[in-house]
Every structure is written in C-alpha cells, then in structure tokens.
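The values are calculated or read from the model by the stated rules, or taken from the named source; none is laboratory data. Not measured: the values here are computed from a predicted model. Virtual Cβ from ideal backbone geometry, glycine too; neighbours counted across all protein chains shown.
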C-alpha cells in the first residue's frame, strides 16, 4: 500500500451533510475536494454575523467553501462527515507526537507540558531508561518534581 506523500494525508473527497439552523433552514449533501486529515468544519468568519467558511481545521486552516446566511441567528454545521480516498489503497500515516522520558517511561509531551525532546515514541523508546544520554529525568529528579508539585497544592495563591 502506498503512503500519502502530502502531510495532509491521502487526497480524496469529503462528503458533508450540511445543515443551516434558523431561517432559512436547509440541509443537504455537499462534496469538497481535500485531504484525509483536513477535518473540514464550518466556522463563522471573524467580525461577521452571517458569513461562514468551511475551514480545514485538522491541517492548514485553508478554506474549502464559504456561505452567507441572511439570518444572524442561524448556524451552519455538518451533521456528518465522510472521507472517500481517490486511491483506496493509499495510507495516511498518523502525525507523530513528541515524547519525553520521565522516570524511565516514554510520555507524550502533552501529558505534563514537557518539551518533547524525542519527536516520536519510537525514538524515545530507543533512548529511554538506562543510558538516556542526559535527556531523561532521573528517579530522584522526578521525586523532587512530585514533591514540589505537592507543596504547591497546599498553597493559597489568591
């Protein structure tokens, strides 16, 4: 199976069942050319109460479409999204999450807001544990971090 060459994933068609609530009320199936990781989402344009854009919030925030609804109280949204690949054998590789070696275990950088010294889990696993080349937090350092965190829990910062 070929991997997608674009960082946005495999190319194809998004099929969105779009709905307008309020006046006028509308629903229907719309199709847009895009990529597998795009996750197109209707978003009200900044500074407007009636103009909406279909933005690729999962990738590069480009706009696939726009629509104007005359009633400012109306909302434009997709009740369902389906992606159909141009090439069914194309595979999108999931984006890599940076990791840190904490207390001998690889942890995603988002778990504790750490810097993410290793760009992927596999790279962290190679280095984590004994012989981390100074990039791991030792057991004693981790114990110190936990101790300081516990002290902060008992502080009144108001």
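Before moving on, here are some points about what is shown:
- One residue from 28, 22, 9 being out of contact with any strand residue (DSSP E or B) (no Cβ under 6 Å at 6 or more places or on another chain) and in contact (Cβ under 8 Å) with a residue 24 or more places away in the chain: 22
- Some residue of segment 40-57 being within 20 Å of residue 15 (Cβ to Cβ), surrounded by 14 or more Cβ atoms within 10 Å (Cβ to Cβ) and in contact (Cβ under 8 Å) with a residue 40 or more places away in the chain: yes
- Residue list for segment 78-104, filter: surrounded by 14 or more Cβ atoms within 10 Å (Cβ to Cβ), more than 18 Å from the chain's Cα centre (by Cα) and over 21 Å from residue 9 (Cβ atoms): 100, 101, 102, 103, 104
- Strands (runs of 3 or more DSSP E) enclosed by segment 9-64 - at least 3 residues per element that are closer than 20 Å to residue 92 by Cβ and at pLDDT 95 or above: 11-21, 26-35
- For segment 106-116, the candidate set comprises residues that are surrounded by 14 or more Cβ atoms within 10 Å (Cβ to Cβ) and outside any helix (DSSP H, G or I); within that set, the residue that is farthest from the chain's Cα centre (by Cα) is 106.
- Among the criteria (1) part of a helix (DSSP H, G or I); (2) modelled with pLDDT under 70, the one residue 158 does not fulfil is (1).
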